[in-house]
1. Could you point to the residue in 172, 115, 82 farthest towards the positive end of the range 64-211's charge dipole, with +1 and -1 charges on the Cβ of Lys/Arg and Asp/Glu respectively?
2. Amide H to amide H, which residues 5 or more places from residue 173 or on other chains are under 5 Å from it, using H placed in the peptide plane?
3. Would you calculate the separation in nanometres between label points at residue 174 and residue 10, each defined as 7 Å from the Cα along the Cα-to-beta-carbon direction?
4. Quick check: net charge around residue 45, other residues with Cβ under 12 Å of its Cβ, Lys/Arg +1 and Asp/Glu -1?
5. Any idea of the accessible area per residue across the range 59-209, 1.4 Å probe, to the nearest Å²?
6. Which whole-Hz ³J(HN,Hα) couplings does the range 81-86 yield from phi under the Karplus relation 6.51 cos²θ - 1.76 cosθ + 1.60, θ = phi - 60°, glycine and proline marked x?
7. Taking the chain as a Gaussian network, where each spring joins two C-alpha atoms under 10 Å apart, which residue of 96, 106, 137 fluctuates the most?
8. Select from 144, 122, 169 the residue whose mean-square fluctuation is largest in a Gaussian network model of the chain (Cα-Cα springs shorter than 10 Å).
Amino acid sequence: ADSNTPTTPRTVSTYWMYTFYGAADDYNAWTAINENSALKAGEGFTMKGTSGSTSISTNQNYVFKGLPNNGDFTLPLDKSSGDVERLIGNPYPSAMDATEFILDNMSIADGGNNTNGTIFNGALYFWDHFGEENTHMLSGYVGGYATRNLTGGAAAISNDSRINNTSDGGSPATGTKVPGQYIPVNQGFFVTTELDGFDNDNGSAITTVDGGNIEFK
């Protein structure tokens, strides 16, 4: 369905479903998808909730149908033309260990397990929408990306200039959710080849991100 009219049973509007794989921080790299689109295992997508007004704290149950993924596979993160970001997610019917996932995509020289190099910068970025703004306009969003790396988790800050970055009395608002070690089933997150000075588990900074194939195990 692509309308904003409530339906019975409730359905998710394909109008708001997108994937992202493109140049780092390029908002135009979002690609629209619908119920007929084919996604690779491990590829993430966005969606918005069903129509109607409710508290931001109210939970909604969504049902995913299909054959669950198992085994090892890869997903490209090609930086041959410059730094790239990709929206990916936990494709398994059980939680993923964020620590092991990061190490599997970090070079042996950087303290990881990957013989092909360091695939992304060592951090996972989880969108947290923590402000009650009833809008589809980007400039009204109150949220940010909570982060997880080998040193732990950090809450999101609503400080991007493209959104509502003065939502807390003139200052950026801060989220309360801190990503833990285990990534829930179907949870999406970003990875990027862009370097932001993240440290590996040995306490030394990553200096080179190679890109390549993201490893899921």
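The values are calculated or read from the model by the stated rules, or taken from the named source; none is laboratory data. A quick note: this is a predicted structure, and the numbers were derived from the prediction, not measured. Because the Cβ atoms are built from the backbone with ideal geometry, glycine has one as well, and the counts that use them run over all protein chains shown. Accessible surface areas use protein heavy atoms only, side chains included; no ligands, DNA or RNA. Shrake-Rupley method; radii C 1.70, N 1.55, O 1.52, S 1.80 Å.
1. Going by the charge dipole, the pick is 172.
2. It is 158, 167, 168, by chain and number.
3. 3.1
4. It works out to a net charge of +1.
5. Each residue of the range 59-209 exposes 53 Å² on average to a 1.4 Å probe.
6. 10, x, 5, 10, 10, 9
7. Per the Cα network of the chain with a 10 Å cutoff, 137 tops the list.
8. 169
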